[in-house]
Every structure is written in C-alpha cells, then in structure tokens.
1. Across the range 30-44, what is the total count of residues that are part of a strand (DSSP E or B) and either of a type outside the set (Ser, Thr, Tyr) or buried (at least 24 other Cβ atoms within 10 Å of the Cβ) (or both)?
2. Mind listing whichever residues of the range 653-708 are of a type in the set (Gly, Ala, Ser), outside any loop (DSSP other than H, G, I, E, B) and more than 16 Å from the chain's Cα centre (by Cα)?
3. From the set of residues in the range 771-794 that are in a strand (DSSP E or B) and open to solvent by 30 Å² or more (accessible area, probe 1.4 Å), which is farthest from GLY648 (Cα to Cα)?
4. With under 15 Å from GLY797 (Cβ atoms) and either open to solvent by 10 Å² or more (accessible area, probe 1.4 Å) or modelled with pLDDT of 95 or more (or both) as the only criterion, which of ALA717, ALA761, ALA701 stands out?
5. Is there a residue in the range 577-584 that is free of Cβ contacts under 8 Å to residues at least 24 places away in the same chain, surrounded by fewer than 17 Cβ atoms within 10 Å (Cβ to Cβ) and not charged (D, E, K, R)?
6. Within the range 776-799, which residues are farther than 20 Å from VAL320 by Cα, in contact with a strand residue (DSSP E or B) (Cβ under 9 Å, 6 or more places away or on another chain) and not charged (D, E, K, R)?
7. What is the residue count in the range 163-203 for residues that are of a type in the set (A, V, I, L, M) and at pLDDT below 95?
Amino acid sequence: MKNFKTKYGRFSETGNEYIITTPRTPRPWINVMSNGDYGVTVSQTGSGYSWRTHAQLNRITRWDQDLIRDEWGKYIYLRDEKGNLWSAGWKPVCDEPDAYECRHGIGYTVITSRNHGIETELTMFVPVDAPMEVWQLTIRNTTRRARQLSLSTYLEWGLGQAPDWHREFHKSFIETSYDADAHAVIATKRLWEVPTERGHWNTNWPFVAFHASNVKPASFDTDKESFLGNYGSPAHPAAAASNRPLAKKAGNWLDPVASLRHNVRLAPGKETTLVYVLGCAETADEARTLARRFRTAADVGVALEAVSRMWNGLLSTVNVQTPDDSMNLMENTWLKYQAISGRIWGRTAYYQTGGAYGFRDQLQDSQLWLSIDPSRTRDQLRLHARHQFADGSVYHWWHPMSEVGLRNQISDNLLWLPFVMTAYLNETADHGVLDLAEPFLDDPAPQPMYDHCVLAIEKSLTRFSDRGLPLIGGGDWNDGLSAVGLDNKGESIWLGHFVHRILLDFSGVAAARGDHERAGRFRTRATELCEKLNTLGWDGDYYYGATKDSGERLGSRSNTEGRVWLNPQTWAIIGEVADDERAAQVFDVVERELEKEIGPLLLTPAYATPDTYVGYLTRYSPGMRENGGVYTHGATWAVIAAALLGRGEAAHRIYAKLNPVNRSRTPDVYCAEPYVTPGNIEGPESPFFGRGGWTWYSGSAAWLYKVGLEWVLGVRATVHGLAVDPCIPPSWDRYTVRRVFRGAQYSITVENPQHVACGVAKVLVDGAEACAVMGPRAKVLPLPAPGATHEVRVILGAA
C-alpha cells in the first residue's frame, strides 16, 4: 500500500497511523479521541483541549480558537541542569528539536522528540471505560553523562462553559486543592452556566476535576500567576524555567491552573517513565479513585490495548481492497474513525468546538453505524425522536446536559428522521423499531416511532406554496440560505426533490405496515410534486435552486451570481424526479459548470455582493465555504448521482477529488489534514483556491464513506436484501468487499473481465449461481441466516 508521503508526513504501513515528521504543518493537524463521553483534541504540536459529554458546556481545560498560534493546551515542560527549557510537544516552548515525530493513531497520539540529548515519548489516549485521559511520558538519556531534569506539567482549568470569555468572573468560583495520597490536584467550581429553576448562574458545576501522577510530585501549584510569573508566558514560564520548587498554592482567589513537578536523574543510556492523568469525575471519591488508577506502565498498557480492541471491533466489520489505495485508507479506517470519534461522540474539533446535537447532523452521521452496529443507529433515531414536537417539527440543534435547543424555520431538519429510518429498515428489516414509543418535547405521552416519522412528513407537506412547491423558510439543507423564505413565500427546489424521495420510500414503509391509505396518499403527492418540479422548477437547461419571497429565482440562468446550484441537479437524480434524458442533461451541467479539480462546487459563480434576501451565504468571501467553494458534504451526493447514471469513471473521479489523501498531495495549497475530510475546500474565486478547512467536525465523513461503499463499490442494503451494483472505472480489473449484513459475513469479489463501468452479468454465492434481479443493473444476494458466512463472486459485463 502506498504511504502518500509528503514533506510533512505519511501514512504508516498498516494505514492506521498518520506519521507527522515536523511540527510546522501548514495548519494544526489534530486527533480527536473520545470514548463517547470524555474526549480530547491534540495537535501535532501537543496543544489541544479536554471535555466531558459536551465540549462547549463542560470543557475541562481552557483553549482559545487560534489556528495560527495553536498555543493553548496541556503541556509538560522539561528543564535540564544547564537551564535549557523545552516541552514534550513542540508547543509552547518551540525549542528546536533534533528529531520530532507525531503519530496520530486510532484512539491515541504519540509525540516523540529529541532535545538537548534527551528523548521523550509522550503517549496520550482516552480509556474506553473512564472519564479521563492518560499521558505516559518515557524519558531517555541519549548522552554519555548523567542528566538532572525537572518536569512540570501545566494546564488551565475551565470547568464549564467554553470559552470562558469573562475569566475574571469565572475564576472567582473555582477552588483547587492538593490530595497528597492521590498525588493529585483537585478542582471544583461553584457555578455552572446552565439554566435552573432558581435562575441562571445559580448551580454548582456537578463534577470534580483532577490531575495526578503515578509518582509523588516534589511540589505542585494551582496559581497561574506564580507559575507563569507576572506578565509571563506559557512559552517561558517562570516556575518551569527555575530550579526552585513550585509554589504549592491552592484554594480560592487564584487564577486556577494545575502543575505537578517531578525531579528526575538519569544515568547515561537510561530511561524512566511517568504517568499523568487528567479527568472529570462525578464525586470527590471517584476523582481520587481514578487519580490512582494508572500507577504503572503495565496499567497503561492494558488500557491502551483495550482502546485498540474497541476500535478494531468497530472498524473491522467492513473492509475493502480496491486498485485505489487512497480509497482503501479512507473507507477502511479514517472516514469511520472521523465520523465516530469526531462527529458522533466528540461533536467538536479545532474549527468548530460545538458540543450540541444537530437534529439532521448526527442523524445523517449515524448512517455510518448501519454497517458497523445498526443498534446504534436505532438509538440515534430514538434520541432524535425525543427532540421532536408533537406537531412534527423539531429542534435545529439542542445541547445535551442542559437540553436547551433552537427551534427555527429551516425546512429540512424534520425529514431526516424518516430518511434515516428508511435506511435503518433497509439494513436490518427490523420493523419492530416502528413500534418503539418515545415522547415528544411538549407531550410526555410516548408515541410509536412510526408516528414520529409520519408526523415529520405530514408537517412538511403542510409547508407548501400556492404553486405546490415546498417552502424554504429559513433555509433548506443549505443553512446559508437563511433569509430566502422568512416571509413563508420562498420555495426550495432541492427540498422538493428530497420530499419526493421520502414520499416514495416511506410509502413502502406505510404499505408494509398496513397503512394503505397513507401509502396511497404519499404516492399521489409524490406524483403531483414530480410534475410541479419538472414544470415550475425547470430553468431550461437545469433545475434552478429556489425562489425568494418575492418570487425571484435563485440558482437560475437569469442570475449573474449563483447561477447554477449543485444540490438541485444531483437530487433530481437521487430523488427520481428527472427522467433519463433530463438526468443525463443536468449531470452534464454538473460536470461542465460545477466540477473543478477539487470536486464539484456548491454553486457558481460565487456571490460577490451580500444579499439580505438570500442570507449569510452571500456574506462569505467569494469562493469560501458554501459561497462558491466545495462544500464536501453536499459534494458527496454527486457521486451517487453519477453512479445512478452508470457513469463509473465520473463517480470514482469525484470521490477521488474529495478524498483528502489526494487533495493533500499539494499540502501547502491544501493545508488541512490528509487523513480526515474537510467541511469545505475553497473555490476558484478565492485567492486560496484548493485550501481545505473545517476538518473533523463535518458530515462529509459519513457520507463519503457511504457513497464509496454503496455507490462506487455498489454494495448496499435494500428492502429486499444486500444488493451488488458496482459503478467503477472501466480500467479496474477487480476488487473485494468484506461486509457484515444482518448478522452474516459476506466476502465479495468483483471481477471486471470486460472492463465495463457497471452491469452485473453473473453472481455466484458459495459457488452456485443464485440471486434476484433488481432493476437493469443490480443483483440482490439471497437473504442470509444469522451467523452464516458467504463467499460471493460477482462478474461484471453484459447480462
């Protein structure tokens, strides 16, 4: 397998690590590590932050969003007998190392540095079963003389809302102490920024934070002023640079930090290991227990092995081997890891610290669980159903812990519940989920999940214009169209395509449930909507995007800015609105007008002038994000559209353009991490054309995984069973997919002797020809017995 080496780093031989060989990457390249509750970000410099449950409401350590300096974090300083000062990561001291390497792995990061004859190896991870993180630091003396070192850890307590922009206020409520038996600094806070029945700012932070070490510290401090020095800096803190003991200050009235000091003497060639922990417990007793948990390197090894086992279990249910090594890397490992650790569990990263659940965001992300552990998708559906109102509307987002949410006019949120439910049913055939009952936000009486889904659809069907098209409200999928329909007159063509898709799919769910009246009504509405979209929504050569409240078209050939939009074209194909001729025509427009070397733009040309009747999209600089850039989430849908048309070369080409492994082959242009998807790539009207941003916290990871597996490689769940419908570059000879489906293991080998893009000529299951035909191209494999293993051979060509 290729390692895709650049001057900044490469993938490891297994592909499970990205090895960064210099701290000076174009932007911070981070890892997001989470066990589903506690989490950590760490960059290649050693900076980052920690949280529990919610990265904005329950931040453990302070951090400031500054991707240029990247100098907020949790650090370990080293000082030698000559007074040389450096840090185990490059930041914050930035002492020039003789050698440096950061290995971001699946669930861990290891930073190795050699400074002044001392080699350090710092391993950081989050245990699978505890609200804490572990730092294991091994120190080696590579010189021929004995060395005397002092080590000082340092972090700033946040303990609640982030950013705590009013520090002089918030520090007044934090109290620190030192527990000598636990070798731990303990921190509590008498204020938490969540509403209560007795008003705001009137409840305790309900946790106890701790920072501890396995070896008893020589001294400690919890006062920022005494550690940094008055007007001091984390780059050269007075206490770390001194051989004097730390001040041992604790209590109230301080600007609270945590620092532990250890003095280490190393003979020539010798090494020693220290273990530090940081965490967030629910009680003081639990904090002391967790502080003592990792006293030996063996304890750390057992916990790190458990992390590896957990991730191996999650990532191993699907494996692909194709002629495209960059696709293999992303499909097998990094897209799944990003979506789970960064988007579903962490819901935070450097570009957006987040913490909330987006109603449509994590629902879409949860589709990734379907090929891993479908029960987690079911849990996500139930969670979101509990954040729906009895009239079918939903929160746009809500905060766990406080349960404060935002109800707005964005028009597509509620429809992702039936959309993802349909995907879950296709994967599992578990129709019992529809009978599971969940309450509404404004009605505690539980109602079946089927009713939750139907209410969402029925509510959406009431939001139509007099012309028979869906109202856009305060935005459709594209939040940036935030003012197009605030007067409840503007329409969305993309939303029409999306509603059409849902009506077709959920009419089948309703019919299977015996709800024939509703099934028939949904099919009738779909027929009527399709006719309206193809007459009122057609712009001559393609579908326009929307109408303003005034009736003016957007995304139309009549516009000078934003003349062509991507989503109305791709979803006309996905939603089965366009007939064969129009589907081919609008995709030709996508390829001709929107597709660039970085992928398909969300719209073109970019808006140069802000328009108060369109929304904040027009206020981005031209070429940035939704305004004329590649918005990676939406761009993945072009892969599905190409595959539905049988354009295998185009489907893979667009996938490959969006693949960060390929984008980062010019790393100083792309800037972003090579191993996770960005939210956006700047378009041709930006002076930074090709620059990626908003990495990790992006719905593109789950969608790129889904379109790669299901639409390029063509192995996807349907109501009838597991379908095989490849749409690949004709040059490919063969590839394999190993996938679990409904409790059975399928090992699928696809052969392409005639070098076609699509079309299954023959399928052999365990040596016998057997499958059902589904449409002109796809074949459905026989339904499995749970626990069975099947060898499947698929031969492409003319049937």
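The values are calculated or read from the model by the stated rules, or taken from the named source; none is laboratory data. Only a predicted model underlies this, so the values are computations on that prediction, with no experimental measurement involved. Note that we place each Cβ from the backbone using ideal geometry, even for glycine, and neighbour counts take in every protein chain shown. What goes into the accessible areas is simple: the full protein's heavy atoms, side chains included, and nothing from ligands, DNA or RNA. Shrake-Rupley method; radii C 1.70, N 1.55, O 1.52, S 1.80 Å.
1. 10
2. Once the filter is applied, which keeps residues that are of a type in the set (Gly, Ala, Ser), outside any loop (DSSP other than H, G, I, E, B) and more than 16 Å from the chain's Cα centre (by Cα), the range 653-708 yields ALA656, GLY708.
3. Among residues in the range 771-794 that are in a strand (DSSP E or B) and open to solvent by 30 Å² or more (accessible area, probe 1.4 Å), the one farthest from GLY648 (Cα to Cα) is THR789.
4. ALA761
5. No, the range 577-584 contains no residue that is free of Cβ contacts under 8 Å to residues at least 24 places away in the same chain, surrounded by fewer than 17 Cβ atoms within 10 Å (Cβ to Cβ) and not charged (D, E, K, R).
6. Hits for the range 776-799 are PRO782, LEU783, PRO784, ALA785, PRO786, GLY787, GLY797, ALA798, ALA799.
7. Looking only at that region, the number is 1.
For every residue, the table says whether it meets (1) among the acidic types (Asp, Glu); (2) in a loop (DSSP other than H, G, I, E, B); (3) within 30 Å of VAL564 (Cα to Cα).
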{"position": "PRO439", "(1), (2), (3)": "no, no, no"}
{"position": "ASP476", "(1), (2), (3)": "yes, yes, yes"}
{"position": "LEU481", "(1), (2), (3)": "no, yes, yes"}
{"position": "TRP494", "(1), (2), (3)": "no, no, yes"}
